[in-house]
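Input: a single structure, listed below in structure tokens.
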Amino acid sequence: MVLAGTAACGTVENLSAGQKLDNAFDKLGEERSLSFELDLDTDAASLKALDAESSEPGEEMPDEVAELLSEARISFSAQSKKPIEKSEEKDFTAMAMKVSATDGDLLEYRLVGDHVYFRVDAVKLGELSGSPMPSADELPAEAGAFKKLLDGKWLKVSKKEMEETGKGMAGAGALGGEEPSAEPSLDAKAQKKLTNALKKVVAENVDLTTSGGSDGTEHIKATAPFRTLVTELFDTLRPLQKDLPIGDELPTAKDFADAPNKKVTADFTLKNGELTEVSVDLAELAEKAKVKKFALVLRVGKGEKTTAPAGATEVRVEEILGGLFAGAVGSAFTDEEFGDASFEEGDLSDDVQMW
């Protein structure tokens, strides 16, 4: 939206490119289903080189983590009864999120109707985090839903129950049992003031160029010096901070003094006027590290219909939390000892919240 706004005060080329971006984002908002896929266009060697610049000796990124991050993809899709731009939470009929790597899915989440479905590759995630989880075979039957979770099975939970549990967990963190304060929001007047301020900064610092082919594919590239742009963006936000839902102090020019001021480019790909991909090339920000390629890529498409997975086991949230707690401390005990570590259903929420 901010880039599209450069049309108001930019060059003739910025005007044309800004209008095209504006139209492309308007089309996205008119859709009732959308999908996004986010990944890093890089390789493990480049990630290791970047990490080495800031890591202490002995704390470098493990090869397995670098390999995963270079191959991982995060995909998200949503379907709504209304156009996306007009949709509120109650209007979405289905959502899905998945984190994948070349050797399979690491975790997956689906919201279909009144239920949430999820599964994880707990063993793989444990290995990558350096905190190995026990395999499902190592846990006794008393581990229940947690045992199924470790085994990579689909679990099914009531959406209403998850919402109620989430509110309870949030409330437990407040001192003296106080109700948590409402999340801060940005009113329409403050939003307009913020958008206009950001548009001015972007128009003054970002150059837009357009190139296209005969097949309806067009590229709009937005290029700006990194340190100059982020410094001026935060300088613009600072006078408006009292109107923004920001708790901490904003960084100053001094905080960005060591940041590289090389030019960074965001490449927007349009197909017949519709946005299909955004790629931000961050390789130029590497200073001494030898980086072959490093870009953040977002792909956009029509959302596929999300369906409930077959064979999902319906469980209570308390079963999962209880199994997580008991599994974390109980895997060192025998089956009999694990079985003795039972929880009363009515007391479990308080116990887990306190833990």
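Numbers at a glance
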quantity	calculated
Ranked packing of 87-94, 201-208, most packed first, by mean Cβ within 10 Å	201-208, 87-94
Shape category assigned to the range 22-140 from the gyration tensor of Cα positions, a/c cut at 1.5	oblate
Gyration tensor (alpha-carbon) shape descriptor, the range 39-104, a/c threshold 1.5	prolate
Charge tally in the Cβ shell below 13 Å around VAL291, where Lys, Arg are +1 and Asp, Glu are -1, VAL291 excluded	-1
Cα-based equivalent ellipsoid, the range 188-325: semi-axes from gyration tensor eigenvalues, Å	34, 27, 20
Positive minus negative residues near SER279 (Lys, Arg vs Asp, Glu; Cβ under 13 Å)	-3
Proportion of all alpha-carbon pairs of the range 82-161 beyond 20 Å (%)	46
Derived scalar couplings ³J(HN,Hα) [the range 295-306; Karplus, 6.51 cos²θ - 1.76 cosθ + 1.60; whole Hz; x for Gly, Pro]	9, 9, 10, 10, 9, 10, x, 6, x, 7, 5, 8
Listed residues PRO132, GLY152, VAL112: farthest to the positive end of the dipole of the range 96-168 (Cβ charges)	VAL112
Cα shape, the range 12-72, gyration tensor, a/c 1.5 rule	prolate
P(r) of the range 95-141 over all Cα-Cα pairs, binned every 5 Å from zero, in whole percent	5, 18, 22, 20, 17, 12, 5, 0
The range 80-119 - charge dipole about Cα centre, Lys and Arg +1 at Cβ, Asp and Glu -1, debye rounded to 20	140
Modelled FRET efficiency - R0 56 Å, GLU85 with ALA253, Cβ distances, 0.05 increments	0.95
Nonlocal amide H pairs with GLY152, under 5 Å, H built at 1.01 Å	VAL120, ALA122
Fraction in percent of alpha-carbon pairs per bin - 5 Å, the range 190-263	3, 14, 20, 19, 16, 12, 8, 5, 3, 1
Peptides 273-285, 39-51 ordered by average Cβ neighbours within 10 Å, highest first	39-51, 273-285
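FYI, it's all coordinate maths here, none of it is from the lab. In this text, all values refer to a predicted model and were calculated from it rather than measured experimentally. Cβ sites come from the backbone with ideal geometry, for glycine too, and all protein chains shown count toward neighbours.
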